[in-house]
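Report on the structure given below.
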There are 2 protein chains.
Amino acid sequence: MTTPLSESEIAHHLSRISSWERSNGEISRRFEFADFAASMRFVNAVANLAEKANHHPDIDIRWNKVFLRLSTHSAGGLTDLDFALAEQINALG
Amino acid sequence: MTTPLSESEIAHHLSRISSWERSNGEISRRFEFADFAASMRFVNAVANLAEKANHHPDIDIRWNKVFLRLSTHSAGGLTDLDFALAEQINALG
């Protein structure tokens, strides 16, 4: 799970999860909600998934917008952990 | 409450609240906790204060670190709203 993925593996994963963008060693997605309270409900749901996975995205909250960034620092790049969590986060929406 | 503060008013407020730094039209503070769960408890407490004040900081969560930034966009700078919320947030700690 924590082995850095190859370029072709990353390309394969990216083709399967919608709306996430890759930049260098991380993947990110921007979410937009009705208001701050809705952003916070989403962030708490993400936090629950993150704790269960013991894998935590960087989270930026800007009122009704939430920006998530995932990478596996311990592996120095993207791993299955990142794509597994991204997939779970997408399923929240 | 939403009139931009003068330089001397800002200096006065800054001298009264500990640990916040000013950069241009905003004030910011970095908080550090034991772990991600503790960060999330703090962020939810901040979110409650923000909703009551109808004034919302930018919030960046980095596992056990939380970075808050306050400014009054509608006033184009710092107002009493920012310092009132900063004071309430300091009282959480």
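Which residue is farthest from B:N54 (Cα to Cα), if the candidates are limited to segment A:21-47 and must be touching a Ser or Thr at 6+ places or on another chain (Cβ under 7 Å) and not acidic (D, E)?
Here the residue is A:G25.
Are there strands (runs of 3 or more DSSP E) fully within chain A with at least 1 residues that are away from chain B (no Cβ under 13 Å), within 23 Å of B:A37 (Cα to Cα) and charged (D, E, K, R)? List them.
Output list reads A:26-32.
Of all residues being out of contact with any strand residue (DSSP E or B) (no Cβ under 6 Å at 6 or more places or on another chain) and open to solvent by 50 Å² or more (accessible area, probe 1.4 Å) in segment A:59-73, which is farthest from A:N90 (Cα to Cα)? Just the residue, please.
Once the filter is applied, the top-ranked residue is A:H73.
Can you name every residue in segment B:74-93 that is buried (at least 18 other Cβ atoms within 10 Å of the Cβ) and farther than 19 Å from B:A11 by Cβ?
B:I89
How many of the residues making up segment A:32-54 are under 30 Å from A:E7 (Cβ atoms) and either modelled with pLDDT under 95 or open to solvent by 20 Å² or more (accessible area, probe 1.4 Å) (or both)?
First, the residues of segment A:32-54 that are under 30 Å from A:E7 (Cβ atoms): A:46, A:49-50, A:52-54.
With the extra rule that they be either modelled with pLDDT under 95 or open to solvent by 20 Å² or more (accessible area, probe 1.4 Å) (or both), the set shrinks to A:49, A:52-54.
The number of residues fulfilling the criteria is 4.
The values are calculated or read from the model by the stated rules, or taken from the named source; none is laboratory data. What you see is a predicted model, and the numbers here were worked out from it, not measured in a lab. Cβ sites come from the backbone with ideal geometry, for glycine too, and all protein chains shown count toward neighbours. The protein model used for the area step is the full one, side chains on, heavy atoms only, and it has no ligands, DNA or RNA in it. Shrake-Rupley method; radii C 1.70, N 1.55, O 1.52, S 1.80 Å.
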